[in-house]
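The values are calculated or read from the model by the stated rules, or taken from the named source; none is laboratory data. Here the structure is a predicted model, which is why all the values come from computation and not from measurement. In this analysis, Cβ positions are derived from the backbone assuming ideal geometry, glycine residues included, and neighbour counts consider all displayed protein chains.
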Amino acid sequence: MTTKQDFLAAADKHGVGHAGKSLWRWIERGTTPGGFLTAVLCNDLTKAVDKADDRNVELIPNYVKLLYNHAPADCWGSEDKVGNWQLSWALQHGYWPHEHHLEPTTQEAAA
């Protein structure tokens, strides 16, 4: 897998360095990014264009290239993959996904 440093460098190279950290947090921790990036991750072009600002709407192909070349295939590409990525990360770390944020399980909260 790509390292954080390599991923952020690739994001800069693709002209999307401003979103590199948010995407890395998604890859590394399953932290859901904002609406635009989530739409890109889900491969929902209509929603991505709707949520994008003027700068990012032109950069959508660059985001796809970054993800295709530097992100795990299981973390993006469809709404199901995005949901499964977050759920998998959450369960591995003792959290349950709840409305785009994670809450500790009862066992972790008691610790």
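Brief remarks follow.
- Scanning the range 35-56 for residues that are acidic (Asp, Glu) and under 20 Å from residue 75 (Cα atoms) yields a total of 1.
- Scanning the range 2-16 for residues that are assigned to a helix (DSSP H, G or I), in contact (Cβ under 8 Å) with a residue 40 or more places away in the chain and surrounded by 13 or more Cβ atoms within 10 Å (Cβ to Cβ) yields 7, 10, 11.
- So residue 105, is it at pLDDT below 95 and in contact with a Gly (Cβ under 6 Å, 6 or more places away or on another chain): yes
- Scan the range 23-69 for residues that are of a type in the set (A, V, I, L, M, F, W, C), free of Cβ contacts under 8 Å to residues at least 40 places away in the same chain and buried (at least 16 other Cβ atoms within 10 Å of the Cβ) and the total you get is 9.
- Within the range 77-90, the only residue that satisfies the criterion of being surrounded by 19 or more Cβ atoms within 10 Å (Cβ to Cβ) and either more than 13 Å from residue 28 (Cα to Cα) or among the β-branched types (Val, Ile, Thr) (or both) is 82.
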